[in-house]
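The block underneath contains the structure these notes are about, expressed in structure tokens.
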Amino acid sequence: MQSIRLPDYLVILAYFIVILAMGFYFARYIKKAKDYFAAGNTMPWWLAGTSFFKASFSALLFVIYNEIAYKYGIVVIVIMWIFPVCVFISGHFLARRWRRSRVVTPMGFMERRYNSTAHQVFVWTGIPLRMSDNALKILSTSIIFVVALRGLGLSLAAFMAIIGVIMILYSFMGGQMTIMITDFVNVIILAVSCLTLFVLTLLKVGNLGEFFSRLPAGFFNPAPEPYGWSYLVFTVFLIMLLSYSGSWALVQKYNTLKSEKEIGKMVRWVALLMFVTPPIFFFPGIAARVLLPEIANAKEVYALISMKIMPVGLMGFVLASIISSTMSTLGSEFNTLSGILTRDFFKKKIRPNLSEKQEIFTGRAFTIVIGALTILLALLFNSLQGFNLMDIMFRIFGAFGPATIIPLAFGLLFRKFNSRGALWGLAAGCVTGFILVLANFFLVQKYSAQMLADPTLDFWLRSGWNSATNVLSVAATLIGMWLGSATRPTAPEETERVRKFFADLEVPFLAEETAEKPLSPWRIIGFMVAGFGALVAAISLIILFGYKDAAAFRVNLIVASVLIVLGLAMWLATRPAKARVN
């Protein structure tokens, strides 16, 4: 099995040099709060869509879903193919309405649609959910790094602290514009990395017929327990539909588009990316069941199969692509959360006369606070026994997700729900979800040993409980919204505010509403991709002359050449006269 060596560390260092250079480059364009939190509302569909795709997953995907691939087979691909369906549904019904709300942050419409009390309550109840999800992303990234970089002698907690600080610095510098443009660079790096591992894994398994015959029975079952059809519908589909409908960081991508005409293209582009990538992402995890059949901790499968397959230098490339996944997601999350705390709390309630520069400074300060608290949560989650990362993620979402997201989405779709209904729905959903999830945490901790020996008990305390919690939380939220709205008439001022709000939703967001032309990202993206490729090419020479490994040199040089060609193509495609796009 390949160990991490100097060229791998150099590739990771080269990646960070490129990302930091991009952050410093775009920091000079952050002149207004709208630039920092919403990229100036000037982004084209392909860039916003790629950023949406990249922000929808992190290293958590490579840890928990390759763990599922290793244990259960192709169901992991079935799970992932539910995602583009949810994107289409939420995009069709809500994307244009989010854009027409004409807000800088996703929570900005709450006061217009409901009232100031609902606005503040939803700000403070939604933040713990997002921070918990972000903490799991830091934890999952650290799991891969602690396996791959064991030679450094650092603990999992140390890696969580280091990665958390890196995420804070990345989010701090350039805001949403830097995040979105860096996301595109990261997708290119991720694509090259995953395709390389996919191809090398295919070559390693050899004859596919023989390989398939060596997989365990049931590996081609699209819905094995504990991931049966009820789980796929009432947990995966329900959670992802809610997430894509109201996840703050993802909704924020709609608000960065330069015009409403771009939305349909963006949604289709995101769905296409989500459809084609799962087989490439998870084939190595499935192949590991044959190539590495004795893995003790399946959370480590992606790191271990990468170390077995990838030559020296390219393991560093894999690690760079993994951390880029988390960097993209947490960059979007930290930026969105800091924007909500700055504009929807601090400016509303404490300092209403903030200048543009003060808003940016406050947003960056909140980024640091949010990042520090997220690291602490990651350390807490690591101490829980008897749960895998997907268990923790879905349970937390089951407790708070429906209650915090449904009033947002329904507030965009229906007039009849008022602020009282939104608050009652939030309370009913959160209380129901919290009680069920707390009981489940207690039961799993108590019976974790018995669950290992009793598949039926394990199913009901994991999959069955998850599905029931999600359905009951959704039902409680909807009942609470209906009762709250029906038991007291809506105040006249709120009725008028709702009328104006829905009148605005009937008016398309036009490109002419944007005063400034958007900065063209092609040249800087091309320069950064080509620059990273050049650094990888230089490192490949170290592999050839320092390690005398001609085979690894050739593979690294091919990867470097692909990056250089792609980068130069993007650079040359943008003529100087078109440094800014329409």
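Close Cβ contacts (under 9 Å, 6 or more residues apart or on different chains) running from residues in segment 549-568 that are among the polar types (S, T, N, Q) and modelled with pLDDT of 90 or more to residues that are surrounded by fewer than 18 Cβ atoms within 10 Å (Cβ to Cβ) and in a helix (DSSP H, G or I) comprise N556/A537; N556/L544; S561/A537. Across segment 17-62, the qualifying residues are those that are among the small types (G, A, S) and surrounded by fewer than 23 Cβ atoms within 10 Å (Cβ to Cβ), and the one among them that is modelled with the highest pLDDT is A21.
Listed by position, the helices (runs of 4 or more DSSP H) contained in segment 212-307 that have at least 1 residues being closer than 18 Å to F62 by Cα are 238-246, 262-276, 278-291.
Tallying residues that are within 15 Å of C194 (Cβ to Cβ) and part of a loop (DSSP other than H, G, I, E, B) within segment 49-79 yields 2. Taking segment 124-137 as the range and being under 14 Å from L341 (Cα atoms), buried (at least 19 other Cβ atoms within 10 Å of the Cβ) and not basic (K, R) as the test, the residues that pass are G126, I127, M131. L202 passes every criterion in (1) modelled with pLDDT of 85 or more; (2) not in a helix (DSSP H, G or I) apart from (2). The set of residues in segment 154-191 that are more than 20 Å from R523 (Cα to Cα) and either among the acidic types (D, E) or modelled with pLDDT of 80 or more (or both) comprises L154, S155, L156, A157, A158, F159, M160, A161, I162, I163, G164, V165. Annotation: of all residues in segment 413-425 being out of contact with any Phe, Trp or Tyr (no Cβ under 7 Å at 6 or more places or on another chain) and charged (D, E, K, R), the one that is surrounded by the most Cβ atoms within 10 Å (Cβ to Cβ) is R420. Residue-level analysis places L452 outside the set of residues that are surrounded by fewer than 23 Cβ atoms within 10 Å (Cβ to Cβ) and at pLDDT 90 or above. Consider segment 335-363 and keep the residues that are of a type in the set (F, W, Y) and free of Cβ contacts under 8 Å to residues at least 40 places away in the same chain. The one that is surrounded by the most Cβ atoms within 10 Å (Cβ to Cβ) is F346.
Selection within segment 569-580: residues that are part of a helix (DSSP H, G or I) and surrounded by fewer than 18 Cβ atoms within 10 Å (Cβ to Cβ). The member of this set that is modelled with the highest pLDDT is A569. Condition check for A428 on (1) surrounded by fewer than 21 Cβ atoms within 10 Å (Cβ to Cβ); (2) over 23 Å from L250 (Cα atoms); (3) among the small types (G, A, S); (4) within 28 Å of the chain's Cα centre (by Cα): one failure, at (1). N297 meets all of the listed conditions (1) closer than 26 Å to V562 by Cβ; (2) free of Cβ contacts under 8 Å to residues at least 40 places away in the same chain but one, namely (1). Looking at F410, F441, F459, just one residue is among the hydrophobic types (A, V, I, L, M, F, W, C), closer than 15 Å to A118 by Cα and crowded, with 16+ Cβ neighbours inside 10 Å, and that residue is F410.
The values are calculated or read from the model by the stated rules, or taken from the named source; none is laboratory data. Because the structure is predicted, anything quoted here is derived from the model rather than measured. All Cβ positions, even for glycine, are placed from backbone atoms using ideal geometry, and neighbour counts span all protein chains on display.
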